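Following: one structure in structure tokens, then a few remarks.
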Amino acid sequence: MPKRLAAQISLLMAGSLLFGSSAWALGDADNERIEALVNDTIVPLMAEHRIPGMSVALSINGQPRYFQFGNADQEAGIPVTEETLFELGSVSKIFTATLAAYAQSSGALSLSDRASLYLPALEGSAFDEITLLELATYTAGELPLQFPDAVDSEAAMIDYYRQWQPESAPGSHRLYSNPSLGLFGYLAAHSLGKPFEALMQEDVFSPLGMAHSYFQVPEEQQANYAYGYSKEDEPIRVNPGVLDAQAYGLKSTAADVLMLVDANMAELGEAAETERDEPLSQAMAATRMGYFSVGNMTQGLGWESYAYPVALKELLEGNSVEMVLEANPANRLSPALPPRQDALYNKTGATNGFGAYVAFVPSEQIGIVLLANRNYPNGARIEAAHHILTALTDAP
């Protein structure tokens with residue numbers, strides 16, 4: 001990792017770096033107000049949706065704050081702590097996209113390349129006409145949300161892709177899809193010549209200081225791995241699946257996820273232009289670019305963004321069931337929209353037993369991570385985060 005970027009992120013996490021004309025340091029009164037705001041928002045949310053435990057992380061002008069609620073294990077009465085690991089679900093996609101963008105900034109691939117270029121087994125298939133960018137933005141021609149049950153191995157996966165035919169012209173419609181983004185990450189790893197999980201550790205987690213993020217939780221961390229809870233309150237955890245690491249398989253702490261948020265916002269500092277020359281910094285910038293618009297939402301790599309300030313109604317529409325389950329007309333942005341300061345970037349994620357939400361606003365230098373061990377509605381997550389962010393950005 002570049003020394004300057006490492007030092008900048010270290011300062012951010014130490015809470016000693018402020019950005020922007022409206023930057024304000026946190027005094028005792030501010031801390032008390034923030035704690036009251038978070039408590040007053042999260043406690044009723046948990047009660048309404050029967051959420052056993054939550055971990056909340058805030059970044060305010062580079063200063064992190066962490067809040068823990070409830071239990072990671074209901075039966076054993078084990079409380080959530082800063083070390084508790086939650087399943088991120090599709091929030092994993094923003095990390096996968098960062099690695100793939102790193103592959104591009106390192107010269108290993110180009111988003112404009114056809115997908116089959118990076119996997120000879122796909123030559124002669126529909127992926128001769130589908131680009132890596134279209135895979136990354138769910139615009140490859142309506143790949144489904146999930147693989148069919150019969151796709152239970154790498155060989156079956158490749159056979160599935162070889163046989164699959166688009167429902168619409170690539171680039172014309174967006175249909176949210178684990179097989180789409182998953183293949184993007186899979187091909188990015190092929191371009192770099194190493195296993196995906198090893199690359200994530202080497203090129204993303206370690207440089208960002210993410211010491212508590214895992215695809216396979218090691219034995220020594222099992223005590224920190226929360227149980228998720230089903231609608232029937234049964235303890236559950238995610239099942240292995242094809243391309244699960246790339247699409248939804250990451251387990252992490254709220255503090256680790258906040259490190260990626262802060263690293264993205266750190267580029268607005270004085271060293272921004274210098275740091276943009278570095279592959280990881282370039283990669284994060286690429287993930288924040290806008291490649292397609294779908295209504296008021298702009299699709300980046302992993303991240304989805306909205307012009308800021310954004311009304312709650314627009315956020316709810318952009319993260320609605322219809323946006324997840326239906327094919328929506330997409331408008332290709334040419335040239336792509338550069339990374340924006342006045343934008344809200346966000347991503348939801350879920351497994352059967354967990355629900356996550358991440359959002360940040362560069363111009364306000366504020367970000368939030370909500371991790372819960374129940375899969376509760378996206379709308380409730382967004383309303384809670386929007387309420388907290390709005391209250392904080394209205395601060396004097």
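Overview of results
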| read-out | value |
| --- | --- |
| Inter-probe distance in nm under a simple model that places probes 7 Å from Cα toward Cβ, at LEU325 and GLU75 | 3.2 nm |
| Residue with peak Gaussian network fluctuation, the chain [Cα springs, cutoff 10 Å], from ALA121, ALA285, ALA356 | ALA121 |
| If the convex hull is drawn through the Cα atoms of the chain, its volume per residue in Å³ | 132 Å³ |
| Most mobile of ARG237, ARG33, ARG50 in a GNM of the chain (Cα contacts under 10 Å) | ARG33 |
| Solvent accessible area, Å² - HIS387, 1.4 Å probe, full protein context | 100 Å² |
| Convex hull of Cα atoms in the stretch 137-261, direction-averaged projection (nm²) | 9.9 nm² |
| Linear extension gain, ASN239 paired with LEU37, 0.36 nm per residue minus alpha-carbon span | 69.2 nm |
| Principal-axis tilt of helix 3-14 within the chain, Cα atoms, nearest 10 degrees | 40 degrees |
| Loop-exposed GluC sites (Glu not before Pro) per DSSP, neighbour cap 10 Cβ within 10 angstrom, longest uninterrupted part of the chain | 76-231 |
| Gyration tensor over alpha-carbon atoms, the stretch 200-318, equivalent ellipsoid semi-axes in Å | 29, 22, 13 |
| Too-long pairs where the Cα-Cα distance tops 20 Å, listed order kept, from LYS231/LYS347; LYS93/LYS347; LYS194/LYS347 | LYS231/LYS347; LYS194/LYS347 |
| More than 14 Å apart - percent of Cα-Cα pairs taken over the stretch 125-185 | 50 percent |
| Accessible area per residue, Å², the stretch 101-192 with all protein chains present, probe 1.4 Å | 38 Å² |
| Solvent exposure ordering (accessible area, 1.4 Å, most first) of LEU192, LEU199 | LEU192, LEU199 |
| Residue with peak Gaussian network fluctuation, the chain [Cα springs, cutoff 10 Å], from ASN296, ASN224, ASN378 | ASN296 |
| Extension gain, PHE215 back to GLU48 (0.36 nm per residue minus Cα-Cα distance, nm) | 57.1 nm |
| Percent of Cα-Cα distances greater than 27 Å, calculated over the stretch 78-215 | 22 percent |
| Neighbourhood net charge (11 Å Cβ-Cβ; Lys/Arg +1, Asp/Glu -1) for HIS386 | 0 |
| Nitroxide proxy distance, nm - points 7 Å out along Cα→Cβ at GLU129 and SER334 | 1.6 nm |
| Size descriptor, Kirkwood hydrodynamic radius, that averages inverse alpha-carbon separations across the stretch 30-128, Å | 17.5 Å |
| Accessible area per residue in Å² at 1.4 Å probe, computed on the stretch 244-396 | 33 Å² |
| Carbon/sulfur fraction of accessible area - the chain, other protein chains in place, 1.4 Å, % | 50 percent |
| Full-stretch length increase - GLU83, HIS387 - with 0.36 nm per residue and alpha-carbon distance subtracted | 106.9 nm |
| Two-decimal log10 I(q)/I(0) for the stretch 277-396, as the Debye equation yields it once each C-alpha is a single scatterer, q = 0.11, 0.20, 0.23 Å⁻¹ | -0.37, -1.19, -1.43 |
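The values are calculated or read from the model by the stated rules, or taken from the named source; none is laboratory data. Values in this document were obtained by computation on a predicted structure and should not be read as measured data. Quick reminder, even Gly has a Cβ in these numbers, built from the backbone with ideal geometry, and neighbours come from all protein chains shown. Just so you know, the surface numbers come from the protein's heavy atoms only, side chains and all, with ligands and any DNA or RNA stripped out. Shrake-Rupley method; radii C 1.70, N 1.55, O 1.52, S 1.80 Å.
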